[in-house]
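A.B. asks: First the structure, which I've put down as structure tokens, then a few questions once you've had a look.
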Amino acid sequence: MPASTVPFDDLAELGPFFALHPGRQPGWTAVHQLLDDPRTTDAAIDLYAERLATSRRDIAGSLFVQGWAGRLTSVFAGCISLAERVPDLAAANLAYRFVEAAPVEIGITDPALGEPAAGWRRLIAHHLEPLIAAVDDRCRAGARRLWGNVAAAMAGSLGSLDRAGVAALDELVKSTWAQPAELADLGQWVPTPQGLRYARRTCCNIVRVPGYDLCADCVIDWAPRR
């Protein structure tokens with residue numbers, strides 16, 4: 001029988017992007033503050049600009065959203081794969097803390113699991129949509145680029161589940177939950193001699209930061225092949 005609450009230990013074993021912490025830890029920030037308070041949004045963008053050593057806040061905001069979405073989609077996909085159900089990932093149910101040289105830590109107040117379709121709708125309407133609006137308002141990264149980052153994050157989460165041996169990638173991508181309608185026009189899975197690869201239709205822009213190159217799924221790399 002599927003679990004009724006988040007399988008915290010099993011998720012953590014899949015990797016740092018899948019880890020979810022029970023409760024709101026002392027000193028953590030409520031996620032709704034990140035969405036509603038421009039000063040908190042600016043602080044997150046500025047932190048990523050510092051880490052990337054760039055003055056381009058649009059790029060910093062883009063990479064912040066990509067990393068943040070990677071945490072959310074990993075928890076979402078990991079819970080489906082392990083428990084067939086998902087937690088409520090709406091902003092009101094989550095808190096966060098940035099840590100050095102690691103993915104942002106996320107804590108959840110209510111770990112009860114529900115149906116994936118309803119969970120995805122809450123994640124979109126009550127977290128990702130307002131997050132993208134807030135970040136784009138502060139740094140003009142471009143909403144379509146930011147949604148493209150979400151799509152790339154979901155693809156990355158599926159690839160991580162495959163590498164962890166939880167499920168085969170070619171089976172994962174056939175699942176309805178793995179290719180939601182909101183992300184459908186932002187990229188596609190492409191068969192290659194090495195296996196399935198994700199090709200996105202936007203660029204996160206990290207290639208414009210000195211010391212960084214194209215991502216494996218970048219539109220700049222894939223567009224000529226299509």
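The values are calculated or read from the model by the stated rules, or taken from the named source; none is laboratory data. These numbers were taken from a predicted model, which means no experiment stands behind them. FYI the Cβ positions are ideal-geometry reconstructions off the backbone, even for glycines, and counts take in every protein chain you see.
A.B. asks: Helices (runs of 4 or more DSSP H) wholly in the stretch 16-96 with at least 2 residues that are closer than 20 Å to Ala155 by Cα and touching a residue at least 24 places away in the same chain (Cβ under 8 Å) - which ones? Quick ask: steps written out before the conclusion?
C.D. replies: Details: elements: 31-36, 38-52, 57-83.
Correct list: 57-83.
A.B. asks: Could we say that Thr40 is under 21 Å from Glu182 (Cβ atoms) and crowded, with 16+ Cβ neighbours inside 10 Å here?
C.D. replies: Working: under 21 Å from Glu182 (Cβ atoms): no; crowded, with 16+ Cβ neighbours inside 10 Å: yes.
So Thr40 does not fit the description; no.
A.B. asks: Another question, then. Being under 11 Å from Leu82 (Cα atoms), touching a helix residue (DSSP H, G or I) at 6+ places or on another chain (Cβ under 8 Å) and either among the charged types (D, E, K, R) or surrounded by 17 or more Cβ atoms within 10 Å (Cβ to Cβ) (or both) is true for just one of Leu35, Leu11, Leu20. Which residue is that? Steps first, please.
C.D. replies: Details: Leu35 fails: under 11 Å from Leu82 (Cα atoms); Leu20 fails: under 11 Å from Leu82 (Cα atoms).
It is Leu11.
A.B. asks: Return a yes/no flag: does the stretch 154-173 have any residue that is modelled with pLDDT of 95 or more, among the β-branched types (Val, Ile, Thr) and buried (at least 23 other Cβ atoms within 10 Å of the Cβ).
C.D. replies: No: the stretch 154-173 contains no residue that is modelled with pLDDT of 95 or more, among the β-branched types (Val, Ile, Thr) and buried (at least 23 other Cβ atoms within 10 Å of the Cβ).
A.B. asks: What are the residues in the stretch 134-161 that are aliphatic (A, V, I, L, M) and touching a residue at least 24 places away in the same chain (Cβ under 8 Å), if any? Break it down stepwise before answering.
C.D. replies: Of the stretch 134-161, the ones aliphatic (A, V, I, L, M) are 134-135, 141, 143, 146, 150-155, 158, 161.
Result: Ala134, Val135, Ala141, Leu146, Val150, Ala151, Ala152, Ala153, Met154, Ala155, Leu158, Leu161.
A.B. asks: If you scan the stretch 132-173, which residues turn out to be within 21 Å of Phe18 (Cα to Cα) and among the basic types (Lys, Arg)?
C.D. replies: Matches in the stretch 132-173: Arg163 only.
A.B. asks: Hey, another quick one. Which numbered condition trips up Ala101, out of (1) on the phi > 0 side of the Ramachandran plot; (2) touching a helix residue (DSSP H, G or I) at 6+ places or on another chain (Cβ under 8 Å)?
C.D. replies: (2)
A.B. asks: Residues being surrounded by fewer than 14 Cβ atoms within 10 Å (Cβ to Cβ) and among the polar types (S, T, N, Q): count how many of those fall in the stretch 174-195.
C.D. replies: The qualifying residues number 3.
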